[in-house]
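Below is one structure, written out as C-alpha cells, with a few remarks after it.
The values are calculated or read from the model by the stated rules, or taken from the named source; none is laboratory data. It should be emphasised that the depicted structure is a prediction, and the values quoted were computed from it without experimental measurement. Virtual Cβ from ideal backbone geometry, glycine too; neighbours counted across all protein chains shown. What goes into the accessible areas is simple: the full protein's heavy atoms, side chains included, and nothing from ligands, DNA or RNA. Shrake-Rupley method; radii C 1.70, N 1.55, O 1.52, S 1.80 Å.
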Amino acid sequence: MPGPFTDITDTIFSNKEVLNESYQPEAILKREQEIEEYRYALQDVLFGRDPENVMLYGKAGLGKTAVTTYMMDALNDEVQSRDEADDLHIHNVNCNSKTLFMIIRVLVNKLLPQDASQFPKRGLGTGDAFEELYQQLDRVGGTHLFVFDEIDHLDEVDTLLYELPRARSNGHLTDARVGIIGISNNYTFRKTLSPKVKDTLMENEISFSPYDATELKAILKDRAEQAFVEDGWEQSAVGMASAISAQDMGNARQAIDLLRVGGEVAERAGDSCVIDDHIETARELVQRGRLANRIRDQTDHSQYVLETIARLEKRDDTPARSKEIRETYEQVAESWATTPLTSLKSIQDHLADLHMLGFLQRDKRNQGRSGGQYFEYQLDLDPELVIETREKIEG
Ligand SMILES: Nc1ncnc2c1ncn2[C@@H]1O[C@H](COP(=O)(O)OP(=O)(O)O)[C@@H](O)[C@H]1O
Ligand SMILES: [Mg+2]
C-alpha cells in the first residue's frame, strides 16, 4: 500500500550535505592572499619553534572559520612528516556565551589523562584553572595551537590574551609551546584590547574583506557542482544568488543558504532544475527567516509592544501614540499570560528601541496650541509576518 512518502522518488540533490552550515569545503577558493599570510604566520611550527600568534578579522560569512580549519588540517598533516616539528595539538574553542573560567576549564578537562577526575565547576577560580592548564600542557608537551573563534564575545579577553601567549616567557611552561589564533567578527574589537595585549597579537593580523559577485560565483559554482545532480542547476541561478549576496555584505554563508533554499524550493515545486525564480523565492524565505530571528532576539515585553502595533496596524489604527498603544499592549501581554508593564515610560522605552532597530516608523507631531510634542508610531514591516512569528514563538 502506498504511504505518504511512496511517490517521492526524485531528488535534485546529489550531495546536499555540501550546502550545510557545518560542511568544511575541501577547496578554499579566492582566499589565496589570506592563506599565504596564514602560511607564513604558522611556519615556525614546522621547525619546532614557538608558534606566532594570529588574529583574524572580518564580518560574518567571509570564510574565517573555514580558512582556519583548512589551515589547521593542512598544518597537522604536514607536521606528521617533519622530524623537526613537535607533536601538534589543536584546540578549538568557540567563545560565544562562555566565561574565561569555563573556557580554561574545558581546555584543562580535554588535556587531563582519561582516568583523572574533571576540574571542578565550583570552588576554584580562573587563576587555579590557568595553573592546572599549564601543568597539563607541560605534562602532554609538544606544540599547542588554541583557536579561539568569536573571541570578541569573551568579556575577560584581555586576561586570556595576556596570559596564554606569555606563559612560556613567564616561566609557567617549560616543555610545551603555545600559540593563539583569535577570530573576531568585529574589527573594532581590536581597539578594546589593552596596549600590552595588542603588542603581542599584532604579530600577524589577517583581515578578511567581503567577497564580490565574481568570487561568490566561483564559490557557489563549486558547491553547486557537488550538491546537485547533473543539469540540476542553471548558471544564471548561481549568478543571481551571488549577485544578491554580493550586494548584501558579500557573505558566502548567505550565498550558500540561498542556493540550498533555492534547491529546496525547486524540489518542492517538482522542478528538475534550479532557476532564477527559485532563487528569488529563496531570497524572500531567507529574509523572512532572518526577520523572525530578529524578533526572537527581543525581550518579551518588546515583542508584546511590537505585536501590539502589528495588531493595531491590521485594524487600521496606526499611526498611534504611546498612550493608545498601551491599552492594546495590556491586552496582548495578558493574552500571553503575562502581567503588563505599568508605566507609560517603560512602553515608550520599548517603542524607542524598536524604532532604533528599524521595526517601527516614528513621526513627531505638534500638539496644536498647547505647544507640546509627541510621537506617533507605525510598523515598518508586514504586520501579518510579525503576528505569525509571534504566534510561532509562543508555540
Ligand atoms: N573562500 C571560500 N571557499 C569556499 N567556501 C567558503 C569560502 N569562504 C566561505 N566559505 C563557506 O561559506 C560559509 C561561511 O564561511 P565561514 O568560514 O563560516 O565564515 P566566518 O567564519 O567568516 O563567519 C561556510 O559554509 C564556508 O564553508
Ligand atoms: Mg566563523
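Looking only at region 254-274, decide whether some residue is more than 18 Å from Asn15 (Cα to Cα), crowded, with 20+ Cβ neighbours inside 10 Å, within 22 Å of the chain's Cα centre (by Cα) and in contact (Cβ under 8 Å) with a residue 24 or more places away in the chain.
Within region 254-274, one or more residues are more than 18 Å from Asn15 (Cα to Cα), crowded, with 20+ Cβ neighbours inside 10 Å, within 22 Å of the chain's Cα centre (by Cα) and in contact (Cβ under 8 Å) with a residue 24 or more places away in the chain.
Please give the number of the condition Pro210 fails out of (1) open to solvent by 10 Å² or more (accessible area, probe 1.4 Å); (2) farther than 24 Å from His89 by Cα; (3) not in a loop (DSSP other than H, G, I, E, B).
(3)
May I ask you to verify whether Lys217 is within 16 Å of ligand 1 (Cβ to nearest atom) and either in contact (Cβ under 8 Å) with a residue 40 or more places away in the chain or part of a helix (DSSP H, G or I) (or both)?
For Lys217, the condition - within 16 Å of ligand 1 (Cβ to nearest atom) and either in contact (Cβ under 8 Å) with a residue 40 or more places away in the chain or part of a helix (DSSP H, G or I) (or both) - is met.
Contact list please: Cβ distance under 7 Å, first residue in region 44-69 and touching a residue at least 40 places away in the same chain (Cβ under 8 Å) and within 6 Å of ligand 1 (Cβ to nearest atom), second residue among the acidic types (Asp, Glu) and in a strand (DSSP E or B), pairs at least six apart or on different chains.
Thr65/Asp149
Report, by residue number, each residue of region 1-47 that is under 18 Å from Ala74 (Cβ atoms) and exposed (fewer than 10 other Cβ atoms within 10 Å of the Cβ).
Residues satisfying the conditions are Ala27, Glu32.
So, in region 368-395, exactly how many residues are assigned to a loop (DSSP other than H, G, I, E, B) and of a type in the set (Lys, Arg)?
Number satisfying all stated conditions: 0.
For region 51-77, how many residues meet the condition of being more than 16 Å from ligand 2 (Cβ to nearest atom), surrounded by 18 or more Cβ atoms within 10 Å (Cβ to Cβ) and in a helix (DSSP H, G or I)?
The qualifying residues number 1.
Output yes when any residue across region 91-107 is within 16 Å of ligand 2 (Cβ to nearest atom), open to solvent by less than 30 Å² (accessible area, probe 1.4 Å) and among the hydrophobic types (A, V, I, L, M, F, W, C), and no when none is.
Yes, some residue in region 91-107 is within 16 Å of ligand 2 (Cβ to nearest atom), open to solvent by less than 30 Å² (accessible area, probe 1.4 Å) and among the hydrophobic types (A, V, I, L, M, F, W, C).
Among the residues of region 351-367, are any in a loop (DSSP other than H, G, I, E, B), without any contact (Cβ under 8 Å) to a residue 12 or more places away in the chain, of a type outside the set (Val, Ile, Thr) and closer than 13 Å to His301 by Cα?
No, because not a single residue in region 351-367 is in a loop (DSSP other than H, G, I, E, B), without any contact (Cβ under 8 Å) to a residue 12 or more places away in the chain, of a type outside the set (Val, Ile, Thr) and closer than 13 Å to His301 by Cα.
Across region 314-325, what is the total count of residues that are open to solvent by 70 Å² or more (accessible area, probe 1.4 Å) and more than 35 Å from the chain's Cα centre (by Cα)?
5
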